[in-house]
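The values are calculated or read from the model by the stated rules, or taken from the named source; none is laboratory data. Since the structure is predicted, the reported quantities are computational estimates derived from the model, not experimental observations. Note: ideal-geometry Cβ built from the backbone for every residue, glycine included; neighbour counts use all protein chains shown. Side chains are part of the model used for accessible areas, which takes the heavy atoms of the whole protein and leaves out ligands, DNA and RNA. Shrake-Rupley method; radii C 1.70, N 1.55, O 1.52, S 1.80 Å.
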Amino acid sequence: MWKIFTHHNRYVASGLSLARRTFLSDAYQCRDAWNARLATPILERINLDTLYYDLEQRFQQKQKVSAIDIDIYANKLEDDTHIEEVADFLYKFRLTEETSNMLDSTHHALVRNYLDSKCYGQLIEVLNNRIGYGVYLDDYSANLTLDQLIKEKEFRYAARVATLLALQEDFSNPITRALALYSCYRYAKAPDAEHFEDLTPVEPQATEVEGQKKKKKEEIKVRVKFLRNEFFDDHFDLTDSQLLLGKTLVELGRSYSGAGDLIGSSCELLGLTMYKKYDQAMAFAKQHEGKELNEEVLQTIRNTLEKESNKEDEKYAAFCEMVDKIEARMKLNKVSFEKLILEQVNKSVGALEKQQIEAQAKLYTDWCNLRQQRLDEELNRMQRAKRLKDVEQLAIDMEKEEQKLWFFENEDKIDLQIDSKRVYYPKRWFGKKKKPRTVDVDYVPPEVRQRN
C-alpha cells in the first residue's frame, strides 16, 4: 500500500465547506529511482564546471554538440547552480541538426530541476517557447508540475500549464485531466485573476523629466520579401488568457462528457462562455435542457458575463437572456463544484497512482541504460572517425616519403606534374596600336622676328 498525502485546507463557497484535499502522495515523486541516476558510472565521474566549459567551447568553435552531452549535463544537476546554463544550451542545441536526437530524459530532467528549485516562472517560459526549446510535458511530468503548483497555491501557473496541455489536445490521462480541471476552475473563479505573465508584452516605460518632452517610441522597420495574408487559427494564435482558459475548459468538459455528465456539461458551458463562443453556448444550453447544471458554475458564468467589455454584441445579449432562463429550464445541482472535481482527483489517484509509480520507476532505469548505450555509440563513432583520420594522414605521409626516396628516378615525371599545374593566363588586349609619328628631317622651322 502507498501512503496518500493529505492536508487540510478550508474553503467556503456557497455555504459549503471543504475540509480535506487529497493530491498525489510523496511516493509519486519516485525520489529514490530518480536519484539513482547519480550513482551510474557516467554521471558519477562528471564535473559540471568542466563539462560546461567544454560544451561552451564546442558551441563557439564547431556549432555542434551531441544530444547525449546535453542529456548528461541536464541529468547531472542537483541544485539551481547551472539551471540557467541548461536552458541556454538547450536553446542553442535546437539550432543544430542534432536536435532531432534529443532524449526524453533531457526534457524530464529540465522540468524536475525547475520544480525542485521552485523556478515556476522560468519553467512556464520554457514550456511556452516550444520552437525555441522544444520541451513538452508528458503525463508524469505534467502530473508532478500540476500537483506541486496546486500545493503551493500557484493557481495562475497551474492554469497556464493546463492551457499548454490543452494545445496538445491530449487529456487521456485521468490524473492529468482532474488536476488540470481543478487548476483551471480555481483560477477562473478567482475575482482577481490576472493575465498570464508570459503572454503579456513587456514594453519599456519612459520616465518623463520636468522641462523635457516625452520622447516618441522609435519605430523599427524591417524589410520583408512579401506579407502573408492575416490568418488566425484560433488555437496556437490565442494570446488572451481568458480565451485560452475557456478553450481549455471546453476540452476538459468534452473529455469528461462520458465519465460524468454533470462535470462535463458544466465545465463545457463555462468554457464556451469564457471562450466567447456565445452562439455555441446557446446551442449547447438548448441541447441540454432538462439536464443537471452546477449552481456554482452558473454563478461563475454570470460573473464572467459581467466582466465582458463588449456588451453591445447581439450574441452576448442573447446569451445573457438565456442564462436568466437556464435556472428554470435545467436542474441546478447545489453541491460544490470544487468538491465534485476533488472526488474525480481522489478517484483517479487511487486507481492509477501505484501503476504509474511502477511504470515511471522502470522508465528511469531504462533511461539510464539508454544513456549508457548512446554514450557507447558516440564513443565508438568518435573512435572510428579518429582512426579514419589517422589512416588518411598516414597515407599522405607515406606518399610524401615515397616522393623523397624515388625523386631522381621520377624527376621527369615530377617536372611534368609541376608544369601541368602551371596556370597560363590569356593575354589581355589593350586595343589597336597606333602608328608611331614620323619625323621630317627636311623640316625648317619658320624664322621668328622681333617686333618693333
Packing-wise, with mean Cβ within 10 Å as the measure, how do 80-90, 268-278 rank, highest first?
268-278, 80-90
Amide H to amide H, which residues 5 or more places from residue 294 or on other chains are under 5 Å from it, using H placed in the peptide plane?
266, 333
Separation of the range 278-350 and the range 49-127 by C-alpha centroid, Å?
44
Please list, or write none, the lysines whose alpha carbon is within less than 30 Å of the alpha carbon of residue 435, excluding same-chain residues fewer than 8 places away.
427
Please sort 152-159, 383-390, 243-250 by packing, taking for each peptide the average over its residues of neighbouring beta carbons within 10 angstrom, highest first.
243-250, 152-159, 383-390
Residue among 60, 285, 235 farthest towards the positive dipole end of the chain, charges placed on Cβ
60
On a full-extension model of 0.36 nm per residue, what is the gain between residue 401 and residue 435, subtracting their alpha-carbon distance, rounded to one decimal in nm?
6.4 nm
Would you mind counting up the charge near residue 375? Only other residues with Cβ under 11 Å from its Cβ, with Lys and Arg at +1 and Asp and Glu at -1.
-2
Alpha-carbon gyration tensor eigenvalues x 5, square-rooted, for the range 330-397, Å:
61, 15, 5
As I understand it, the dipole of the chain uses +1 on the Cβ of Lys and Arg and -1 on the Cβ of Asp and Glu, about the Cα centre. Which of 185, 275, 450 lies farthest toward its positive end?
450
Report relative contact order for the chain in percent, whole number only (criteria: Cα-Cα under 8 Å, sequence separation at least 6).
14
Summing -39500 (n - 2.57) over the DSSP H runs of n ≥ 4 in the chain and dividing by its residue number, what mean residue ellipticity at 222 nm do you reach, to the nearest 500 deg cm²/dmol?
-18500 deg cm²/dmol
Give me the lysines in straight-line cross-link reach of residue 64: C-alpha distance below 28 Å, same-chain residues under 8 apart excluded.
76, 92, 386, 389
Based on the Cα coordinates of the chain, what is the per residue volume of their convex hull in Å³?
438
Using a probe radius of 1.4 Å on heavy atoms only, what accessible surface per residue do you get for the chain? Whole Å² is fine.
66
From highest to lowest solvent-accessible area (probe 1.4 Å; ligands, DNA and RNA excluded), 309, 25 read 309, 25
With a ≥ b ≥ c the root eigenvalues of the C-alpha gyration tensor of the range 293-439, is it rounded (a/c under 1.5), prolate (a/b larger than b/c) or oblate?
oblate
Evaluate the charge dipole of the chain about its Cα centre and quote only its size in Debye, nearest 20, assuming +1 on the Cβ of each Lys and Arg and -1 on the Cβ of each Asp and Glu.
1640
Extension length gain for residue 239 and residue 361 (0.36 nm per residue less Cα distance), in nm, is 40.2 nm
For each pair in 189/247; 153/362; 151/276; 286/325; 247/277, compute the distance between the two Cα atoms and list the pairs where it is over 21 Å.
153/362; 151/276
Long-range share for the range 63-134, i.e. C-alpha pairs more than 19 Å apart as a percent of all pairs, stands at 24
Counting only protein heavy atoms with a 1.4 Å probe and every protein chain in place, the carbon and sulfur fraction of the accessible surface of the chain in whole percent equals 50
Using the Cα centre of the range 55-95 as the reference point, and only Cβ charges (+1 on K/R, -1 on D/E), how large is the resulting charge dipole? Debye, rounded to the nearest 20.
440
